[in-house]
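The values are calculated or read from the model by the stated rules, or taken from the named source; none is laboratory data. Please read these numbers as outputs of a predicted model, since none were measured by experiment. Don't worry about glycine lacking a Cβ; one is built from the backbone with ideal geometry, like all the others, and counts go over all protein chains shown. With ligands, DNA and RNA removed, areas are computed over all heavy atoms of the protein, side chains included. Shrake-Rupley method; radii C 1.70, N 1.55, O 1.52, S 1.80 Å.
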Amino acid sequence: VQLQASGGGLVQAGGSLRLSCLASGRSFSRHAVGWFRQAPGKTREFVGSISWRGDNSYYADSVKGRFTCSRDNAKNAIYLQMNSLKPEDTAVYYCAADAGGRWYSDSLGTYESWGQGTLVTVSS
């Protein structure tokens, strides 16, 4: 599975952005997808994930209630809607897929396919 994330940009605090992750490859619709982010000088961290059917999701406490994962398997697309953005949300955001369908995992090692990142910058 190949993944490509897009939709990053510069936004003011309190604003919104929607990231997209387009996938190619066989049987992608059975993959769980996770979103991760990496701020300058920090390690990559889990943001949220979604099951292959889109009926289950899991979020880091830092984004719960502000970020929402969704997917459209007909389009091989996964989305991360980010609302009420804060300066501390500034990071490169990555999407990643797990053929094992483990949407409940926040571990980087669970996800075997990674896209290139897209930069989100939130100004104060």
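Restricting attention to the stretch 105-122, the residues that are open to solvent by 40 Å² or more (accessible area, probe 1.4 Å) and of a type outside the set (D, E, K, R) total 7. Among the residues of the stretch 58-71, not a single one is closer than 29 Å to residue 13 by Cβ, more than 13 Å from the chain's Cα centre (by Cα), part of a loop (DSSP other than H, G, I, E, B) and of a type in the set (Val, Ile, Thr). Here residue 55 fulfils each of the conditions (1) touching a residue at least 12 places away in the same chain (Cβ under 8 Å); (2) assigned to a loop (DSSP other than H, G, I, E, B); (3) not small (Gly, Ala, Ser) apart from (1). For the stretch 49-82, the tally of residues that are on the phi > 0 side of the Ramachandran plot and either in contact with a Leu (Cβ under 9 Å, 6 or more places away or on another chain) or among the polar types (S, T, N, Q) (or both) stands at 1. Are any of the residues in the stretch 74-81 over 14 Å from the mean Cα position of the chain (by Cα) and at pLDDT 95 or above? No, the stretch 74-81 has no match at all. If I ask for residues that are open to solvent by less than 40 Å² (accessible area, probe 1.4 Å) and not in a helix (DSSP H, G or I), which ones from the stretch 82-91 would you list? Those that are open to solvent by less than 40 Å² (accessible area, probe 1.4 Å) and not in a helix (DSSP H, G or I): 82, 85, 90, 91. Each residue in the stretch 24-51 was checked for being under 13 Å from residue 94 (Cβ atoms), open to solvent by less than 50 Å² (accessible area, probe 1.4 Å) and assigned to a strand (DSSP E or B), and 9 of them qualify. In the stretch 15-28, the qualifying residues are those that are farther than 15 Å from residue 79 by Cβ and of a type in the set (S, T, N, Q), and the one that is modelled with the highest pLDDT is 24.
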